[in-house]
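The values are calculated or read from the model by the stated rules, or taken from the named source; none is laboratory data. Just so it is clear, the structure is predicted and the values come from calculations on it, not from any experiment. Here Cβ is always computed from backbone atoms with ideal geometry, including for glycine, and neighbour counts include all displayed protein chains. Quick note on the areas: whole protein, heavy atoms, side chains included, nothing else; ligands and nucleic acids left out. Shrake-Rupley method; radii C 1.70, N 1.55, O 1.52, S 1.80 Å.
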Amino acid sequence: MEVRRAARPYLLVVPALLLTCGILYPFGLGLYYTLFDFSAAKPQPDMVRLHNYGTLLTEDAFWNSAWVTVLYAVGAAAVETVLGVAVALLLHRSSPLGRVLEKVLILPLMIAPVIAAIMWKLMLQPSVGVVDHLLAPLGLGGVQWTDTPAGALLSSVAVDVWVYTPFVAVLALAGLRSLPASPFEAAAVDGAGRWYTFRRLTLPMLWPYVMVGVIFRFMDSLKVFDIIYALTEGGPGDSTMVLQIRAYLEAIRFQRYSFGISYTIVLWAVVYLAATVLVRRLGRVQRKAAEAT
Amino acid sequence: MSARERLAGWLADAALLLYFLFALFPVAWMVVLSLKPSDQLFSTYFSFTPTLDSYRTVLGDGGGVPFTRFFLNSLVVSVGAVALSLLVGLPAAYASARWRFRGSEHLMFTLLSFRFAPELTVIIPLFVLYQELGLFDTYVGMVWVLQLVTLPLVVWIMRSYFADLTPELEQAALLDGYSRTQAFLRVALPLVGPGIAAVSLLAFIFAWNNFVFPLILTSHDAQTVTVGALSFLGGDRPRYDLTAAAALVSAVPPLLLALTIQRYLVRGLSLGAVKS
């Protein structure tokens, strides 16, 4: 009986654990593949140890992809955070209009990112797309949105912002609504100004919620795939060739399996490292916010 | 209310309106595009005679693209992945909320860490593996990979629901002569019913919206709408009207579900990191 009791939680977890192997096994297998020169051209691969990583780190294509990925992730996460918090603050004021609009806030978030990218692709078509038509009277017509390097990167970040700003806004709004009232009442009694209250009370207490949003958005944008795939496929040139798209081209299109996986392993290591640092920081921020209340 | 406050209120509303214009316009524009006759797609921008032709084509023969098949495929594999995740995820979530046991935190973190792993790392080996095992382009193969997305979601969110439940309720059931299993099934599970409903719908949305897994691990038989919707843009002549209709049709299930679980969304989206 005692043994059964001790074993009970394990028994309940075993099925989930087995399914978890569904990801651990291919992950381990992928890691193992990267030690070989496994490709369609070489179905009987030789062990090359870390050669794939050595090649990768000396290739300009890799460093370009790494740069584009960081640019994309930082840009998307930054805009989404600022815009999301702003939208949440505006909705928190709760005007009749705000109450109506709040109901549709999550709409873009529920559309598959790839579908969102398709929608934007249709709108951004030069000369036939609606964006071009709307901007023409402002003298901004004829912009090749997705056909110039800067435009393509900007457009893909814009799609990311369109899809995921509501995510940050929803989190920040939940945060705002859960803030305790007493510090604000005390500040009002003391005659604190609106800006002072925002800087010294609202923002520090809201920060943990915002951090959760930043962590999720930054981690997710580092491994962006679907939006870029549907919008630009990495082009023009290599201007939007983020790491996962490069990995896809190498592994699936060119069938250089090991080399393609090496790209994703490097990306995984970076994401894992960034997650560890950010989550530790979140812990500190949460403690500090708890002190502020 | 002072004049200054009223002005601030108007400015806030104007700023909100501007953001929501940006947020809602693409969807509205897809509706417009999908209703335009194909010969008027680019000519007269804001005046046209609406027609349902593009929907008829997309939901009919699809102009050579088996769109309805893709739609049904999405339904089957998404429901399958959610069912499988609930079956194994609920007991695991319950165990980790009720008992602290060796390795429990590690296991939970491992499950969560998949949220941060690049999909392609596992897909490429799975692609090779699936070719060998005959799982490529099958329902079983798709359910198996989509479960990688839905299971962590179910475990993490349900864990916080179970943790909010006081253990006294089940202890009372045990005193009444229930077995531990009966206490779980008849007392704990019904109490977190709303949570289960919310997490199921959310997991369904995540599975439905996934793109990378079906892109690489299916070709036709098990291909889903997210990949299928791109088909109308390919080929010699991209069909913008059909693409717009397909995009809207494939967004309908997640949108409908989202509206029904709106209240529970925050906890779900943040994997329980923010309770609401």
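Some observations on this one:
- Of all residues making up region A:124-177, the number that are more than 26 Å from residue A:229 (Cα to Cα), part of a helix (DSSP H, G or I) and more than 14 Å from chain B (Cβ to nearest Cβ): 1
- Among the residues of region A:253-271, some residue qualifies, meaning at least one is over 16 Å from the mean Cα position of the chain (by Cα) and farther than 28 Å from residue A:152 by Cα.
- Members of region A:209-222 found to be open to solvent by less than 30 Å² (accessible area, probe 1.4 Å) and either touching an Asp or Glu at 6+ places or on another chain (Cβ under 7 Å) or among the β-branched types (Val, Ile, Thr) (or both), listed by number: A:210, A:212, A:215, A:217, A:221
- Restricting attention to region B:20-42, the residues that are within 17 Å of residue A:131 (Cβ to Cβ) and either among the hydrophobic types (A, V, I, L, M, F, W, C) or at the interface with chain A (Cβ under 10 Å from one of its Cβ atoms) (or both) add up to 15.
- Answer residue from region A:257-271, given it is facing another protein chain (nearest Cβ under 7 Å) and free of Cβ contacts under 8 Å to residues at least 40 places away in the same chain and is surrounded by the fewest Cβ atoms within 10 Å (Cβ to Cβ) among those: A:268
- Region A:83-113, residues that are touching a helix residue (DSSP H, G or I) at 6+ places or on another chain (Cβ under 6 Å), within 7 Å of chain B (Cβ to nearest Cβ) and not in a helix (DSSP H, G or I): A:93, A:95, A:106, A:111, A:112
- Of the numbered criteria (1) at pLDDT below 95; (2) facing chain A (nearest Cβ under 10 Å), the one residue B:211 fails is (1).
- A count restricted to region A:29-63 and to residues that are open to solvent by 50 Å² or more (accessible area, probe 1.4 Å) and in a helix (DSSP H, G or I) stands at 7.
- Residue check, residue A:162 aromatic (Phe, Trp, Tyr) and modelled with pLDDT under 90: no
- Within region A:178-208, the only residue that satisfies the criterion of being within 22 Å of residue A:275 (Cβ to Cβ) and either open to solvent by 50 Å² or more (accessible area, probe 1.4 Å) or not in a helix (DSSP H, G or I) (or both) is A:207.
- Just one residue in the set B:31, B:82 is buried (at least 16 other Cβ atoms within 10 Å of the Cβ), in a helix (DSSP H, G or I) and at pLDDT 85 or above; that residue is B:82.
- Those residues of region B:59-79 which are assigned to a helix (DSSP H, G or I) and either over 20 Å from residue B:215 (Cα atoms) or hydroxyl-bearing (Ser, Thr, Tyr) (or both), in sequence order: B:59, B:63, B:68, B:74, B:78
- Residue that is at the interface with chain B (Cβ under 9 Å from one of its Cβ atoms), touching a Pro at 6+ places or on another chain (Cβ under 9 Å) and farther than 26 Å from residue B:28 by Cα, where the choices are A:28, A:22: A:28
- Residue match in region B:197-210 (condition: over 21 Å from residue A:109 (Cβ atoms), assigned to a helix (DSSP H, G or I) and among the aliphatic types (A, V, I, L, M)): no
- Filter result for residue A:274 (under 15 Å from the mean Cα position of the chain (by Cα), surrounded by fewer than 17 Cβ atoms within 10 Å (Cβ to Cβ) and not hydroxyl-bearing (Ser, Thr, Tyr)): yes
- If you go through region B:1-27 and pick out every residue that is open to solvent by 50 Å² or more (accessible area, probe 1.4 Å), among the small types (Gly, Ala, Ser) and assigned to a helix (DSSP H, G or I), you end up with 2.
- Within region B:106-146, the set of residues being among the polar types (S, T, N, Q) and out of contact with any Gly (no Cβ under 7 Å at 6 or more places or on another chain) comprises B:110, B:113, B:131, B:138.
Condition check ((1) charged (D, E, K, R); (2) within 11 Å of chain A (Cβ to nearest Cβ); (3) open to solvent by less than 10 Å² (accessible area, probe 1.4 Å)) across all residues:
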{"position": "B:182", "(1), (2), (3)": "no, no, no"}
{"position": "B:188", "(1), (2), (3)": "no, no, yes"}
{"position": "B:193", "(1), (2), (3)": "no, no, no"}
{"position": "B:196", "(1), (2), (3)": "no, no, no"}
{"position": "B:203", "(1), (2), (3)": "no, no, yes"}
{"position": "B:219", "(1), (2), (3)": "no, no, no"}
{"position": "B:240", "(1), (2), (3)": "no, yes, no"}
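- Pair list, Cβ < 8 Å and 6+ apart or interchain, from region A:217-246 residues that are free of Cβ contacts under 8 Å to residues at least 40 places away in the same chain and closer than 13 Å to residue A:151 by Cα to residues that are basic (Lys, Arg) and not in a loop (DSSP other than H, G, I, E, B): A:234/A:246
- Count - residues of region A:68-89 that are closer than 18 Å to residue B:21 by Cβ and open to solvent by less than 10 Å² (accessible area, probe 1.4 Å): 4
- Considering region A:234-256, and only residues there that are open to solvent by 30 Å² or more (accessible area, probe 1.4 Å) and out of contact with any Phe, Trp or Tyr (no Cβ under 9 Å at 6 or more places or on another chain), the residue that is nearest to residue A:29 (Cα to Cα) turns out to be A:255.
- The residues of region B:129-151 that are in a helix (DSSP H, G or I), more than 7 Å from every other protein chain (Cβ to nearest Cβ) and open to solvent by 10 Å² or more (accessible area, probe 1.4 Å), listed by number, are B:131, B:132, B:133, B:139, B:140, B:143, B:149.
- Residue within region B:130-152 that is aromatic (Phe, Trp, Tyr) and over 28 Å from residue A:266 (Cα atoms) present: yes
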